[in-house]
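In what follows, a single structure is set out as C-alpha cells and then discussed.
The values are calculated or read from the model by the stated rules, or taken from the named source; none is laboratory data. Not measured: the values here are computed from a predicted model. All Cβ positions, glycine included, derive from the backbone under ideal geometry; neighbour counts span all protein chains shown.
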Amino acid sequence: MIELIHVSRSFPITGTVLKDVNLTVNDGEFLSLWGPSGSGKSSLLSIIGLLDGGFTGEYRLDGQKVNPKDENKLADLRLRSLGFVFQTFNLVPYSDLLDNVALPLGYLGVSAARRRARAAELLAAVGITEGHRRLPGVLSGGEQQRVAIARALAADPQVILADEPTGNLDAANGQKIMEILSALNARGKTVILVTHDPTVRGYARRVIRIGDGTLSE
Amino acid sequence: MNSLRFHLKLTARRWQYCRKTNLLILLMIAIGLAFPLYALLQISFCAQQAGYYTVKVPDIQDVKYEGGSTILQDQDLSLQPETTRVGSGSMYVQVNGEDLFFPVVGMDGQYEDFFYLSVSAGTKELQPGQCLVPHTFAWEKGLALGDSILIGQQPMEIAGFVDHTFHADQLMIRLEDMARLKGAQSSTLETLVKEKAAVPRMTMLQRQIQSMQNTNRLQMLIFAALGGAGLLIFAANYLLFVYSHGKRLLKVMSIQQAVGARRRGLALSFFAEQAFNGLAVCAVLAAGCAVWSAACFRLPAAAAPVGFLLAVVWLYAALATALVRGALLSKRTPLAQRVKTDG
C-alpha cells in the first residue's frame, strides 16, 4: 500500500506543481492519473516511484515511512518494491534483451544463470519468445515496451508504475501493452499509470484527475 | 547487493558495444607502448655495443712500418666497420721526458667501438693528430685528456682512453698519422706538454642516446610524427568522450539508478571506465614526449618522467572534470528528469 500524506512538490522554474496532495493506493488497484500537460501527473508518478525525493510531506510504503533523503534506501525500494515503465522505454542500448530484463536481478545479486532463466521466462510472458540476444535498437517500439515491462517485473515488485506507456506506440501495440498491464493487475499487482489517452484510461478501475496541483476522483 | 563486479561487467559490456572507440583506444595503447619499447631496445643495443663488442675484422691490411719491431695482431683486433683498415707497429714515445718503446695501432674509418670503450671521449671520429692511450698507462704517467705526447717527432693530443682488454697495451692513432710517422723514430725527442683542454665528459647513457639519435634520426622523426598524430587523435577522442558522450553515459547510468542501482556502485564503475581511458592517455603522452624530445629536442633523460607527469596531471584533471560534471548534472537534475531526457 502506498500513502502520500500532505505531499507538495515545487521546482525553481515552474513553481509548485503539487499542493498538499493526499493519496492512498491499496494493493491490487489499477489507478490512472490523467490531466492536461504540465498538471503534475508525471511529477506525482515520479514521487510515487521514488525517482524524485525532493518533495515535502510524508510517503509511506506498506506502512513504513520513507526517508526521501536516504538514497540507498530509495534505491533498494525501487529495486524490490517498484517497477517502472517509461514512455521512452529506457532500455540499455548495449545490453541484449536478456541482460536488459535481468538488470535489476544483477543488483539483487542473483547468479548469472538464474538471471537469464528468469529473464527468458519474463520475455516469454510478454510475448517475446525468441531473439533474446538481440539488442533493443533492432526492435519495434511495441516490442521495446514489452521488454521494459518484463524488466519492471524482474524483481517481482508489488507495484508497477507506467508513465505514458503507450505514448510512443501505435494503437495496436498500445492495446497489447495495456492488455499485459491489465493481466498483471488481474494477478494482484498494483498498477499506477499516467496517461492523457481516454482509451488507456478506460483500462483503469480508479481514475484520478490532476489539475492545478490537486487531485480529484 | 549492487556488487562492484556486476557494475564493472556492465561497464565492460559498454566497451564491447562501443567497438570503434574501443579499437581506437587499443591502437593508442599499442602505439604508446611501442615507443618506449623501441627506445629501450635501442638503448640496450647500444649498451651491448659498448660493453661487449667483439666483431672480427676479416680484411686487415698490413701497413708496413719500417723501423722498430712490426707487430701484426690480425686476429685480436676487433674493429668496426668491416672496411676499417688497420696497421700496427712500434715506435718511440716520449712522455714527460721519458722515452718508451710502445706498440702503436693505426686505423681509419669510424672509431665508434673504441670511443665507446674510452672513458671520456664522445662518439666523434678520431681526428688526425689525436690518439687514444691505454687507461692504465695514462694513470701511471699522470696523463689527462688534452695532454700531448710525442710519437716519433709528431705531437699527438690525447683524445681518449682505451680500456678494452685487447688494446690495453697499445696506443691508437689514425692510419694516415702512422704513415706520416713512418721511419720517424728520432733521437731528438723533447717533451711537449700542452695545456689541458676542457673536454666535456659524457655519461654512458648520454653516449647511447646520442648514438641512437645519429643513427636512427629519420625513424625517430617518423615515430615522433606518428606519436604526435596519435596523441592528438586520442586527446580529441577523449575530450569528445568526456564532454559529449558523457551525456549519453549519464542517461544510461540514470536508467540503471532508476531500476535499483546504487549511486556509489555506478560512480565506481564510471571511475574505472575513465581510469582505463586515462591509462591510454598516459601511455601515449609519456611515450610521445619521450620520443619527441629524443628525436627533436635532445632532452631524452628528462622528457620521459616529465611526459609521464604531464600524463598523470592530464588524467586526473580529466577525471576530476568528468566526475565534477557528472556530479553537478546529477545534483542539478533529479533522477526523474534525467531518465526522461534524450541520451
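Is there a residue in the range A:205-214 that is farther than 24 Å from A:Thr56 by Cα, surrounded by 19 or more Cβ atoms within 10 Å (Cβ to Cβ) and modelled with pLDDT of 90 or more? Within the range A:205-214 (the criterion being farther than 24 Å from A:Thr56 by Cα, surrounded by 19 or more Cβ atoms within 10 Å (Cβ to Cβ) and modelled with pLDDT of 90 or more), the answer is no, since none of the residues qualifies. Pairs are defined by a Cβ separation below 7 Å, a sequence spacing of at least 6 or placement on different chains, a first member in the range A:99-118 that is closer than 16 Å to A:Ile149 by Cβ and facing another protein chain (nearest Cβ under 10 Å), and a second member that is of a type in the set (Val, Ile, Thr) and in a helix (DSSP H, G or I); the pairs so defined are A:Asn100/A:Val147. When residues in the range A:7-37 are screened for being surrounded by fewer than 18 Cβ atoms within 10 Å (Cβ to Cβ), under 17 Å from the mean Cα position of the chain (by Cα) and in a loop (DSSP other than H, G, I, E, B), 3 of them pass.
The condition (being out of contact with any Pro (no Cβ under 7 Å at 6 or more places or on another chain) and in a strand (DSSP E or B)) is satisfied by just one residue among A:Leu45, A:Leu4, A:Leu77: A:Leu4. Scanning the range A:181-201 for residues that are of a type outside the set (S, T, N, Q) and modelled with pLDDT of 90 or more yields a count of 11. Among the residues of the range A:78-93, is there at least one that is in contact with a Lys or Arg (Cβ under 6 Å, 6 or more places away or on another chain) and either within 10 Å of chain B (Cβ to nearest Cβ) or surrounded by 15 or more Cβ atoms within 10 Å (Cβ to Cβ) (or both)? No - not one qualifying residue is present in the range A:78-93. Every condition in (1) within 16 Å of A:Ala152 (Cα to Cα); (2) aliphatic (A, V, I, L, M); (3) more than 19 Å from the chain's Cα centre (by Cα) holds for A:Leu82 except the one numbered (3). Selection over the range A:48-66 of residues that are of a type in the set (Val, Ile, Thr) and part of a strand (DSSP E or B) gives a count of 1.
Would a scan of the range A:118-138 turn up a residue that is charged (D, E, K, R), more than 20 Å from A:Val159 (Cα to Cα) and surrounded by 15 or more Cβ atoms within 10 Å (Cβ to Cβ)? Yes, because at least one residue in the range A:118-138 is charged (D, E, K, R), more than 20 Å from A:Val159 (Cα to Cα) and surrounded by 15 or more Cβ atoms within 10 Å (Cβ to Cβ). Selection of the range A:51-73 for residues being closer than 17 Å to B:Gln257 by Cβ and more than 9 Å from every other protein chain (Cβ to nearest Cβ) yields A:Val66, A:Pro68, A:Lys69, A:Asp70, A:Lys73. Filtered by the rule that a residue be farther than 20 Å from A:Lys65 by Cα, within 14 Å of chain B (Cβ to nearest Cβ) and either without any contact (Cβ under 8 Å) to a residue 12 or more places away in the chain or polar (S, T, N, Q) (or both), the range A:15-45 gives A:Ser37, A:Ser42.
Residue-by-condition table, conditions (1) on the phi > 0 side of the Ramachandran plot; (2) in a helix (DSSP H, G or I); (3) β-branched (Val, Ile, Thr); (4) in contact with a Leu (Cβ under 8 Å, 6 or more places away or on another chain):
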site: A:Val147; (1), (2), (3), (4): no, yes, yes, yes
site: A:Ala150; (1), (2), (3), (4): no, yes, no, yes
site: A:Asp156; (1), (2), (3), (4): yes, no, no, no
site: A:Leu161; (1), (2), (3), (4): no, no, no, yes
site: A:Pro165; (1), (2), (3), (4): no, no, no, yes
site: A:Leu169; (1), (2), (3), (4): no, no, no, no
site: A:Lys176; (1), (2), (3), (4): no, yes, no, no
site: A:Ile180; (1), (2), (3), (4): no, yes, yes, no
site: A:Ala183; (1), (2), (3), (4): no, yes, no, no
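Which of (1) over 23 Å from A:Lys176 (Cβ atoms); (2) assigned to a helix (DSSP H, G or I) does A:Val110 not meet, given it meets every other one? That leaves (2) as the condition not met.
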